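Please read the structure below before turning to the comments.
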Amino acid sequence: MEKRKLGTQGLEVSELGLGCMGMSQFYGPRDDKESAATLERAVELGINFFDTADVYGVGHNEELVGKALNKFRDRVIIATKFANQVLPDGKRAICGRPEYVRSACDASLKRLGVDHIDLYYQHRVDKQVPIEETVGAMAELVRNGKVRYLGLSEASANTIRRAHATHPITALQSEYSIWTRDYEDDVIPTLRELGIGFVPFSPLGRGFLTGNLRELPADDMRRKVSPRFDDENMQRNQKVVDRLQEIAREKNITPSQLALAWVLAQGRDMVPIPGTKRRTYLEENVAAVKVQLSKNDLARIEEVAPKGFAAGGRYHDMSTVNV
């Protein structure tokens, strides 16, 4: 497993990270024992970059990750996030107020069982609070030794510029994959201009690019979140994934490995964090770092899955992304 640099402040991580959200919510029942084994196996395979958030399982994920990685603390980079709140009535809210930044960080440190957070993201931008105020409070955490590096998630190019002018931003985490490429227009060029790393989440298209999601139950979270998983859109999108599977088959790799290799090939400033809670899928994903895509391979992928091919929007509600 090679290393890649995120930002210009000194953070270096494994070229593939592990997204931990699914260990606590959304993708079926929890299995803490298998999740802990998956986290340990990731370290064995050379992954040192682990992504969680305070909202994942409403604290459960941070506790799980912190406990499993405790014995590897000096070898791993732990990233977590704040700003997505679950209110007492179950509704969600976004908060970037300085006092909340401080309290959320303290709560995450306690759940993780660590004395500092390596990379601390604002999970979603709060439209009611100037980004300078939020990042100013995050910068205090760095000065106080509670956080090493700062990040944003799903922020627009303008917000990134303003944030970076307040305190150096090390990484942006946003959705990016073969079927989600909207950040290529403005955000990724801005990141490269400013020397900020990019951490793509859902590089496997919430599982769709694996080729294994032919149909979904009516109550599946993905149907509730994204129009791309409506029946008609899934059928249209599946035709493209079938063609990607053909390319993968010719290269004797899985569709997942093709999708991850594509993201890795987009630049060494990108570190994708595919999520899984099972060792089998983890090992399959890690093997993608060995896949070399030629210019011809990339051209073929572009031909069968051109930018913007996906039928249906990324979310039903796009009001909290690219803010």
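Observations on the structure shown:
- Breaking point among (1) more than 17 Å from His60 (Cβ to Cβ); (2) surrounded by 13 or more Cβ atoms within 10 Å (Cβ to Cβ); (3) without any contact (Cβ under 8 Å) to a residue 24 or more places away in the chain, for Pro98: (3)
- Filter result (over 12 Å from Ile78 (Cβ atoms) and among the aromatic types (Phe, Trp, Tyr)) within the stretch 10-68: Phe26, Tyr27, Tyr56
- Note on the stretch 246-262: residues that are surrounded by 18 or more Cβ atoms within 10 Å (Cβ to Cβ), touching a Leu at 6+ places or on another chain (Cβ under 9 Å) and either within 16 Å of Glu303 (Cβ to Cβ) or aliphatic (A, V, I, L, M) (or both) amount to 7.
- Residue in the stretch 254-273 that is among the acidic types (Asp, Glu), in contact (Cβ under 8 Å) with a residue 12 or more places away in the chain and within 30 Å of Asn158 (Cβ to Cβ) present: yes
- Within the stretch 43-59, the set of residues being more than 30 Å from Gly90 (Cβ to Cβ) and part of a loop (DSSP other than H, G, I, E, B) comprises Leu45, Gly46, Ile47, Asn48.
- Looking across Lys71, Lys81, Lys67, one residue alone is basic (Lys, Arg) and either in contact with a Phe, Trp or Tyr (Cβ under 7 Å, 6 or more places away or on another chain) or under 23 Å from Glu132 (Cα atoms) (or both). It is Lys81.
- Per-region count, the stretch 270-293, residues out of contact with any strand residue (DSSP E or B) (no Cβ under 8 Å at 6 or more places or on another chain) and in a loop (DSSP other than H, G, I, E, B): 5
- Entry remark, the stretch 12-31: residues being surrounded by fewer than 21 Cβ atoms within 10 Å (Cβ to Cβ) and more than 25 Å from Asp220 (Cα to Cα) number 2 in total.
- If you check Glu34, Glu62, Glu40 for being surrounded by 21 or more Cβ atoms within 10 Å (Cβ to Cβ) and either acidic (Asp, Glu) or part of a helix (DSSP H, G or I) (or both), only one passes: Glu62.
- Condition check for Lys67: under 20 Å from Glu140 (Cα atoms) and either modelled with pLDDT of 95 or more or in contact with a strand residue (DSSP E or B) (Cβ under 8 Å, 6 or more places away or on another chain) (or both): no
- The stretch 294-319, residues that are part of a loop (DSSP other than H, G, I, E, B), surrounded by fewer than 18 Cβ atoms within 10 Å (Cβ to Cβ) and in contact (Cβ under 8 Å) with a residue 40 or more places away in the chain: Lys307, Gly308, Phe309, Ala311, Gly312, Gly313, Tyr315, His316
The values are calculated or read from the model by the stated rules, or taken from the named source; none is laboratory data. All figures in this text were calculated on a predicted structure; none of them were measured in a lab. Positions of Cβ are generated from backbone atoms using ideal geometry, with glycine treated the same way; all protein chains shown enter the neighbour counts.
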